[in-house]
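The block underneath contains the structure these notes are about, expressed in structure tokens.
The values are calculated or read from the model by the stated rules, or taken from the named source; none is laboratory data. Just so you know, these numbers come straight off a predicted model, no measurement behind them. Cβ sites come from the backbone with ideal geometry, for glycine too, and all protein chains shown count toward neighbours. Just so you know, the surface numbers come from the protein's heavy atoms only, side chains and all, with ligands and any DNA or RNA stripped out. Shrake-Rupley method; radii C 1.70, N 1.55, O 1.52, S 1.80 Å.
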Amino acid sequence: MYTSLTNQLPTSTTARPNEIVPEQQALQANQPLQKLYAEVVVNIPLNKIFHYSIPTHIRDNLTLGMRVKIPFGNKITTGFCVGFTDTPSPYQIKDIINVIDKTPLADYVMLKITKWLSTHYYCGWGEAINAVIPPVARRSVKEKEALFVTPCDALTKLDQQTLSQLKTRAPKQAKVLEFISEYFQEISAKELIQISGCKMPGLRQLEKKGFLAIQNKPQHIVDTTCDSGPLQQHLTFTEEQQNAFDIINRKLEQPKPGVILLHGITSSGKTEVYLQTIAKVLEHGRKAIFLVPEISLTSQTIQRIKARFNNVAILHSHLLGTFHYSQWNDIKEDKVDIVIGARSSIFAPLKNVGLIIIDEEHENTYKQENSPRYNARDVAILRATYENAMVILGTATPSLETYYNTISGHYEKIVLSKRIGNQQLPPIEIVDMSEEVRKRRGHHIISQRLSYYMNQALSRNEQVILFLNRRGFAPYLNCKRCGFVLKCRKCDIPMTFHKKLNTALCHYCHAETPPLESCPDCMAGNINYRGFGTEKIEDEIIAKFPQYKILRMDSDSMRARNAHEKALTSFERGDVQILLGTQMIAKGLDFPNVTLVGVISADTILNLPDFRASERTFQLISQVAGRTGRGPKGGRVIVQSFNPRHYSITYAAAHDYDGFAKKELEYRKQLNYPPFGKLARIVFRSQKEDKAKEKSFVVAEKLKEITKTNGNQLEILGPSPAPVTKINDMFRWHLLLRSQSHNHIHDALQKISDMLKPSKSVQAIVDVDPYMML
Ligand code: ADP
Ligand code: ZN
């Protein structure tokens, strides 16, 4: 039934060297002696190359990867030159109007990568180029300015009466004042507007009243530290680290070093191995890209890199949205040795890349959720093949795709099985919450076990981390009498009550509505605030442990810039004893005084309709558990669950990754899910439900026809309503394509490309190797 393991191509890791050769030939073949016609792509969701003739006076100025101004339909637009030809298409050929750039924005490697993106992830080549070249690189402004807001002294004299008056008159302005009096430092106007919902005129009014000052300043998005201060020495490796490093070193000597999985348990010293490998690569005169799941959550790692090396550029695309032009140029002009950044940094214009490190390679933040829907890990492997670089995938909990690639021999695996200083992994105890309900005759968010251990740790001046993957206060508001559930009007999703904001929020479209006093449906019932999120846990902890300080870290409480660093510093200093948070606190944190981790509910992800639910549950428990037992005082983990016997939880409790992976791979194989079968998902969105449904059936029929004539290489699952049937007033139907090989999926998508063109009534969204299944 299945092809043998050695015949399997790398799976989710879709970078396949055998695909590269034809593309390379195609690109090279496109370089005739005479540049008569240019091949141009434009930013549209259509994988098509257009031909334009090149007027003689610009022929010498135009090279691959430059932008050109072209007539397009009845408009003038910008396109990217991706090739040259002497034999144009038979259609009427128009002239290029002019060449925009003096130097190419995309080099040869980037053109090849974007070409691959367009085929693999089903998008336009122009769309892919557009997505990987940040807007600032396209502008010729040197220093982009933005408005910044600074608090003024009048704020300190702000009294409650003025504030409450403002609350009724201009609630959003009041929000600004509340926020900024607490934050009390400079913030970009854009960020402040995002946080408060108050627009620019509102901010100007507050400025007039003397509460704020608003100024135009250069925005610093990329922070390159060329600081030549004293650098820290490398640590002396442990035996295990040394062995790992020796293997890596030998591989680095090879012409094609390939991919290494560094499978090291939490706190086994992976970062030290990365750092010394980077040093080695720099010694060889080459450069490194270091990808992290999210910049703002990895400040500890970034500090460690900056302490060892000069010429480090950190690319933030986070709040201000774009890369800084001059810094982008610094990277392009070879002034930088190491680029650190989130997924889009894989496209950094660094030359001579010898090493790409992907820290926490299993994280789903490496997958981009809009077009091109690429996975940076997979792009990294492709880029490394083109540049003969090494890729190191580091994690304590490898994705099943990566793990499978080590079994099939595509990647080399190096294991770090011991914690630094021979610390033990913390014991993990599972608390059966249904038992707890029975024993205590009712629901309690904090079990007796967890409460007991919290008291013990806190009374010994140790610290506690509590984890819950759900923000807000209560995820459901329903009527006790008629069962009505408050749902978003635009999305088929219950609204979450946020107590601090005193509002019910839709976590999909951000719609807000005032909380309900009584049921709007039966007009009689009282409203029940059901379930719990981090805000409710915070209240509960404050009530139960009033003598200790708690800090909540979730996307609601951590909106301001530097909020993470500030929060973590106060936890590190011990000002705060209990840190409560969402996945934001699950990874990377290294605090030796944390002796207890409590997972409030292991079930939040387990219950999602997603074939990766077990994998993600296992990963989260292992990662959160890794935050404790890092110091001499040891540690302990309590996991609360209504599914205490689920294998993802029991294997995580036993610290048995291999056991879990073996079992999960069996299931995946039975069900033909990745890493075995390859998937593509098509979502059909429409304002009219029947249109979305109708289209999904028409497309499914066509696909079934295609696969019949093609030896049934493709399975079509669905169509069915998507698990979330409506988002932002758009109804959603979806179907899945599954096949043993991506090629069959690509072929089928190409054959139905006419049907997938956006129309007024229905949009089709294609997601190859999907992560989001909702
Ligand atoms: P991981 O990335 O595997 O979770 P870290 O690299 O964060 O592990 O290492 C855990 C801790 O051990 C860190 O505080 C780090 O500074 C320390 N450490 C790592 N390697 C060594 C070493 N060889 N000697 C001493 N301390 C080390
Ligand atoms: Zn909504």
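Modelled label positions at residue 169 and residue 369, each set 7 Å beyond Cα in the direction of Cβ, lie 3.9 nm from each other. FRET efficiency for the residue 708 to residue 728 pair, using the beta carbon distance and R₀ = 30 Å, is estimated at 0.25. Here, the chain is characterised by an Rg to Rh ratio of 0.96, where Rg is the alpha-carbon radius of gyration and Rh the Kirkwood radius. The residue 48 and residue 178 beta-carbon pair, evaluated with R₀ = 51 Å, returns a calculated FRET efficiency of approximately 0.50. Since only 698, 710, 730 are under comparison, the one whose Cα sits farthest along the positive direction of the charge dipole of segment 632-774, derived from C-beta charges on Lys, Arg, Asp and Glu, is 730. Per atom type, the chain shows carbon and sulfur on 50% of its accessible surface, probed at 1.4 Å. Only Cα pairs under 8 Å and 6+ residues apart enter the sum, and on that basis the relative contact order of segment 374-477 stands at 8 percent. Spatial offset of segment 683-724 relative to segment 364-420 amounts to 31 Å, using the alpha carbon center of each. When the C-alpha to C-alpha distance is required to be over 21 Å, the pairs from 351/413; 367/693; 413/663; 112/757; 367/678 that qualify are 351/413; 367/693; 112/757. Between residue 420 and residue 59, the simple label model (points 7 Å from Cα in the Cβ direction) yields a spacing of 6.2 nm. A simple charge model with +1 on the Cβ of Lys and Arg, -1 on the Cβ of Asp and Glu and nothing else charged puts the dipole of segment 503-553 at about 260 debye relative to its Cα centre.
What accessible area per residue, rounded to a whole number of Å², is obtained for the chain using a probe radius of 1.4 Å?
With all protein chains present, the chain gives 44 Å² per residue.
Listed by number, the DSSP H helices of the chain that run 24 Å or longer by alpha-carbon position along their axis and have mean Kyte hydropathy of at least -0.5 come to an empty list. For segment 244-290 and segment 578-641, what is the separation of their C-alpha centers, rounded to whole Å? For segment 244-290 versus segment 578-641, the Cα centre distance is 28 Å. Each of 613, 655, 243 was scored by the projection of its Cα onto the charge dipole of the chain, and the greatest displacement toward the positive side belongs to 613; charges sit on the C-beta of Lys, Arg, Asp and Glu. Counting Lys and Arg as +1 and Asp and Glu as -1 over every other residue whose Cβ lies under 13 Å from the Cβ of residue 71, the net charge comes to +2.
In Å, the Kirkwood hydrodynamic radius of segment 359-512 over pairs of distinct alpha carbons?
On the way: mean 1/r = 0.0474 Å⁻¹.
Computed over segment 359-512, the radius equals 21.1 Å.
Calculated over segment 719-774, the projected area of the Cα convex hull averaged across directions stands at 4.4 nm². Across the chain, the mean sequence separation of Cα contacts (distance under 8 Å, 6 or more residues apart), normalised by length, yields a relative contact order of 11 percent. Between the residues 493, 456, 585, the greatest Cα displacement towards the positive end of the dipole of the chain, with unit charges on the Cβ of Lys, Arg, Asp and Glu, is found for 493. The distance separating the Cα centre of segment 463-528 from that of segment 42-72 comes to 52 Å.
Give, as a single signed number, the net charge of other residues whose beta carbon lies under 12 Å from the beta carbon of residue 285, with Lys and Arg counted +1 and Asp and Glu -1.
Computed value for this residue: +1.
About its Cα centre, segment 277-395 has a charge dipole of approximately 180 debye under the convention of +1 per Lys or Arg Cβ and -1 per Asp or Glu Cβ, with nothing else charged. Taking label positions 7 Å along the Cα-Cβ direction at both residue 547 and residue 103, the computed distance is 6.4 nm, reported to one decimal. When peptides 663-672, 738-747, 158-167 are sorted by average Cβ neighbour count within 10 Å, with the highest value leading, the order is 738-747, 663-672, 158-167. If the limit is 31 Å between Cα atoms, which of 544/587; 306/332; 157/190; 157/487; 418/662; 167/760 go over it? Flagged as over cut-off: 157/487; 167/760.
Taking the Cα centre of the chain as the origin, how large is its charge dipole in debye, to the nearest 20, when only Lys and Arg (+1) and Asp and Glu (-1) carry charge on their Cβ atoms?
1560
Ordering 448-456, 121-129, 629-637 by mean Cβ neighbour count within 10 Å, with the highest value first, yields 121-129, 629-637, 448-456.
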